[in-house]
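Here's the structure we're looking at; comments come further down.
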Amino acid sequence: MAHSSSRPQTLPPLRHLLVVGGGGREQALAWALRRCPGIEAVWVTPGNGGTEELGDCRSLAIGEQDAEGLIEACLQQAIDLVVIGPEAPLAAGVADRLRDAGLAVFGPSADGAQLEASKAWAKALMRDAGIPTAGHWTAASANEGLELLEQLKRPLVVKADGLAAGKGVTVAENLEETAAAIREAFAGRFGSAGERLVLEERLEGPEVSVFALCDGERMVLLPPAQDHKRLLEGDRGPNTGGMGAYAPAPLLDQAGLEQVRQLVLEPTLQALRDKGIQYRGVIYAGLMLTAAGPQVIEFNCRFGDPECQTLMPLMGPELAQVLQACALGCLDLAPDLSVAGTCSACVVAAADGYPEAPRKGDLIQLQPDPEPKRQLFHAGTLRQKDGQVVTAGGRVLTQVAQAEDFDQAFTSAYEGLALVRFNGMQFRRDIGHQVRRS
Ligand code: AMP
Ligand code: GLY
């Protein structure tokens, strides 16, 4: 087992991996890691209905926040590297507990995870480090928020401070909507996540997600990806976790990405270090490309879902070693991460009733797909004892495909999705409209 506290001279052997989480993001991570040379086994806890099917990974019924259970499994399976997918275990300190037990963990400590778990903390860090982001105020009571609104006399973006499963943001159109969002948050709409609010200036521009794999000091950037947050075609309807994505997003070319590295990501990692935080995991910068340049809309402490599913098929065979080197604080010892030059398209199939009240238990009909440049990543699925797979969550499946251009990649993704059926299946037909000609 690799010990994480001291910097190694060379990367230790890497054979057995554990991915924590059960969504499409974790399935894509497990699949991509399983393909890396030398990897003999990838375990996923708790996994989903597709874990044992795609890329021959194995699932273990351990909750993502059960640190003791995870440590025990790591000892039993001689795990060399743990990759933690979701934000909740990171914010709860699961990475810290596993590191204390001597494990190599890709995923920040609880203090680093505040980048996502407290928007007020992240905004203060950005302000202190001079990172471009919308001007903001915090409010600890409805009165404080409403008084501020009275002074400013313009609509604001209202954000719950804590983790609210992507639902804690209201982009208000006018003063009344802003006031209503402030009152609702303090009336308990987001539980304890809404006991403090961040109120922000509204920005305009296209959004893009950038991911930096960090070892505490150094970083490797992945190609930018564009998510589709709204449920319905034409970018209408309620916000969701994400209904589809594509990468690389031409919104940011190589020079644009370099600018984001210099203006946003390097200063963020430095600001974390200045606070004594060794951030070993992904920094996900949700950016808005405004007329005044890129501005940070939010930070997350994990890969995006479904951006991760979109990006993983583009990753080269060095991925496992790169994540290991991040976990051990020695990215300079890792081989360069190669990235395929093709276009990746991703469409999410969601359950009936998503995002408000997704229905569970619908039988999913799946047909074998012979196309090698296509992946169907399970997310909210459950394999029953009789072998049948049923819906078990909001976002059920993610269909991903790669091709030489986005037209072909999306045509292929939609052909793949046509092989899947379940009652109430919802998906957008216009994912990638920004980059498709047909
Ligand atoms: P978040 O959960 O912080 O990603 O916010 C959800 C969505 O709200 C973002 O994807 C943006 O579309 C929108 N949003 C957040 N902050 C702002 C802002 N300051 N100005 C305009 N739109 C925003
Ligand atoms: N797709 C957006 C997110 O993962 O937060």
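Taking amide H as placed 1.01 Å from N in the peptide plane, residue 47 has its amide H under 5 Å from the amide H of 21, 22, each at least 5 places away in sequence or on another chain. The Cβ shell under 14 Å around residue 147 holds other residues with a net charge of 0, Lys and Arg each +1, Asp and Glu each -1. All C-alpha to C-alpha distances of region 68-126, sorted into 5 Å bins beginning at zero, yield P(r) values of 4, 20, 28, 20, 13, 8, 5, 3, 0 percent in whole numbers.
Residues in region 154-162 carry Karplus couplings, in order, of 8, x, 10, 8, 10, 10, 5, 5, x Hz; the curve used is 6.51 cos²θ - 1.76 cosθ + 1.60 with θ = phi - 60°, and Gly or Pro positions show x.
Can you show me the helix-derived [θ] at 222 nm for the chain, built from DSSP H runs with n ≥ 4 at -39,500 (n - 2.57) apiece and divided by the number of residues, rounded to the nearest 500.
The helix contribution divided over the chain gives -7500 deg cm²/dmol.
Close amide H contacts of residue 290 (hydrogens built in the peptide plane, cut-off under 5 Å, sequence separation of 5 or more or a different chain): 295. Highest mean packing first, where packing is the average number of other Cβ atoms within 10 Å per residue, the peptides 128-137, 12-21 line up as 12-21, 128-137. In whole angstrom, how far apart do the alpha carbon centroids of region 4-62 and region 140-214 sit? Value for the Cα centre distance between the two parts: 36 Å. Converting phi to 3J(HN,Hα) with the Karplus coefficients 6.51, -1.76 and 1.60 and the offset θ = phi - 60°, region 112-122 yields x, 5, 4, 3, 9, 6, 9, 5, 5, 4, 5 Hz in sequence order, with x at every glycine or proline. Highest average first, the peptides 209-221, 320-332 ordered by how many other beta carbon atoms sit within 10 Å of their residues are 320-332, 209-221. Each residue of region 244-253 is assigned a 3J(HN,Hα), and the resulting list reads x, 7, 8, 7, x, 7, x, 3, 10, 7 Hz, derived from the Karplus form 6.51 cos²θ - 1.76 cosθ + 1.60 (θ = phi - 60°), x at Gly and Pro. The Cα atoms of region 103-237 give a gyration tensor whose axes a ≥ b ≥ c have a/c of 1.5 or more with a/b greater than b/c, which makes the shape prolate. Each part reduced to its alpha carbon centroid, region 370-428 and region 229-306 end up 25 Å apart. In this structure the amide hydrogen of residue 133, modeled in the peptide plane, comes within under 5 Å of the amide hydrogens of 296, none closer than 5 places in sequence on its chain.
A straight Cα-to-Cα reach below 18 Å connects residue 385 with the lysines 360, residues fewer than 8 places away in its own chain not being considered.
Straight-line cross-link partners of residue 275 among the lysines, defined as a Cα under 17 Å from its Cα and at least 8 positions apart when in the same chain: 119, 123. Per the Kirkwood formula applied to alpha carbons, region 290-346 shows a radius of gyration over Rh ratio, Rg over Rh, of 1.05.
Since every read-out is calculated from the coordinates, none of them should be taken as a lab result. In this text, all values refer to a predicted model and were calculated from it rather than measured experimentally. Cβ sites come from the backbone with ideal geometry, for glycine too, and all protein chains shown count toward neighbours.
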